[in-house]
1. Can you find even one residue in segment 7-15 that is outside any loop (DSSP other than H, G, I, E, B) and either at pLDDT below 65 or in contact with a strand residue (DSSP E or B) (Cβ under 9 Å, 6 or more places away or on another chain) (or both)?
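The values are calculated or read from the model by the stated rules, or taken from the named source; none is laboratory data. Since we're looking at a predicted model, the values are computed, not measured. Neighbour counts run over all protein chains shown; Cβ positions are idealised from the backbone, glycine included.
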C-alpha cells in the first residue's frame, strides 16, 4: 500500500476539505499574530505611571522631614513647589 494518497489533499478519503476549510483560519491567525507583534514593537514602551508615584513618595518624605523639624517652612515650600512642577 502506498502512502501517497494519504499525504495528498488533507490526508484521507475526504478530498481535502479539512485543509480547504481550516487553512484560511490558520492564515488569518498567523497574520493577526504578526500584526499584533508589529503593533507592540512600534508602539514603544508602555508607561507605568511611576513618575507620579515617585513624586508622591518624595512629597511624603518632605512632609515627614518638615514635621520632625529637620527643615524650616521656607525650605519645605521651596522644595514642595519644585516637586509640584516636575
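1. Within segment 7-15, one or more residues are outside any loop (DSSP other than H, G, I, E, B) and either at pLDDT below 65 or in contact with a strand residue (DSSP E or B) (Cβ under 9 Å, 6 or more places away or on another chain) (or both).
Yes or no, residue by residue, for (1) exposed (fewer than 10 other Cβ atoms within 10 Å of the Cβ); (2) modelled with pLDDT under 60; (3) in contact with a helix residue (DSSP H, G or I) (Cβ under 7 Å, 6 or more places away or on another chain):
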{"site": "2", "(1), (2), (3)": "yes, yes, no"}
{"site": "27", "(1), (2), (3)": "no, no, no"}
{"site": "33", "(1), (2), (3)": "no, no, no"}
{"site": "41", "(1), (2), (3)": "yes, no, no"}
{"site": "49", "(1), (2), (3)": "yes, yes, no"}
{"site": "59", "(1), (2), (3)": "no, no, yes"}
{"site": "63", "(1), (2), (3)": "no, no, no"}
{"site": "75", "(1), (2), (3)": "no, no, no"}
{"site": "82", "(1), (2), (3)": "no, no, no"}
